[in-house]
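Below is one structure, written out as structure tokens; the observations come after it.
The values are calculated or read from the model by the stated rules, or taken from the named source; none is laboratory data. What you see is a predicted model; the values in this text were computed from it and never measured. Here Cβ is always computed from backbone atoms with ideal geometry, including for glycine, and neighbour counts include all displayed protein chains.
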Amino acid sequence: MADDKADDFMIEIKNITKSYNTGEVEFQALKGISFTIKDGEFVAIMGPSGSGKSTLMNILGALDIPTTGEYFLDGKDVSALSEDELAKIRKVKIGFVFQSFNLLKRTSVVRNVALPLLYTGMPKAQRLIKAKEALVSSGFEEDHFYHLSNQLSGGQMQRVAIARALVNDPSLILADEPTGNLDTKTGEKVLETFKKLNDKGHTIILITHEHDVAIHANRVITIRDGLVERDENIKL
């Protein structure tokens, strides 16, 4: 059955729920969510604060597991994995881009991007080559490769973060509010970078609370009160 899923979908989640116990009270963040995402799609998951989208993002990113339900990524049942197995999935299959960039401030751009490869045992020279290739793919300027990350603008830092997400050749790029710390013009340029990456075949899930950001994707899944409210394709 898992092989069939891999043939048809990169992601399949079925009846996902997530509950948290806060003292004597149980809070249900997700109440039974199901959808599929094909390889090469560009999908925005949108919802207001408290909608459950952050909880869903953590499950999609293998940062957490559902209380009930199934999550298949590339045909593998992620919802049943141990913490060590989840860590491996995060390392080899998912590239993360965060609102806060999460770069090492006094480290060069190229070394920031190469860092995830350090844990693979890849030789240094090869790590640097792959890092530079990822930076070019993210649209980062080649003459800034050896600048320190704290010398960069917000837009440049986000492009470095995108390159770092690409460097391991992940199946999925998961971007959590990637324009949240950027001005409107810079944010538009970063979103255009995601569009170009998607045009090259990368699968991208964009988490946002802003409609103006979500419409850059080709499909928008709207989450409200722990449920899928809408799931619609967008023609740009």
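In the stretch 31-54, of all residues being in contact with a Leu (Cβ under 6 Å, 6 or more places away or on another chain) and either buried (at least 22 other Cβ atoms within 10 Å of the Cβ) or in a loop (DSSP other than H, G, I, E, B) (or both), the one that is modelled with the highest pLDDT corresponds to Ala44. Among the residues of the stretch 209-236, those that are part of a strand (DSSP E or B) and either modelled with pLDDT of 95 or more or charged (D, E, K, R) (or both) comprise Arg219, Val220, Ile221, Thr222, Ile223, Arg224, Leu227, Val228, Glu229, Arg230, Asp231, Glu232. You will find that of Ile65, Ile89, the residue that is under 19 Å from the mean Cα position of the chain (by Cα) and part of a loop (DSSP other than H, G, I, E, B) is Ile65 and no other. If you filter the stretch 74-94 down to residues that are touching a strand residue (DSSP E or B) at 6+ places or on another chain (Cβ under 6 Å) and of a type in the set (A, V, I, L, M, F, W, C), you find that the one that is farthest from Pro170 (Cα to Cα) is Val78. Within the stretch 7-18, the set of residues being at pLDDT below 95, in contact with a Phe, Trp or Tyr (Cβ under 8 Å, 6 or more places away or on another chain) and farther than 16 Å from His202 by Cα is empty. What is the residue count in the stretch 22-45 for residues that are closer than 16 Å to Gly226 by Cβ and of a type outside the set (D, E, K, R)? Summing the residues that are closer than 16 Å to Gly226 by Cβ and of a type outside the set (D, E, K, R) in the stretch 22-45 gives 11. Asp77: charged (D, E, K, R), within 21 Å of Leu56 (Cα to Cα) and at pLDDT 90 or above, yes or no? Yes: the conditions hold for Asp77.
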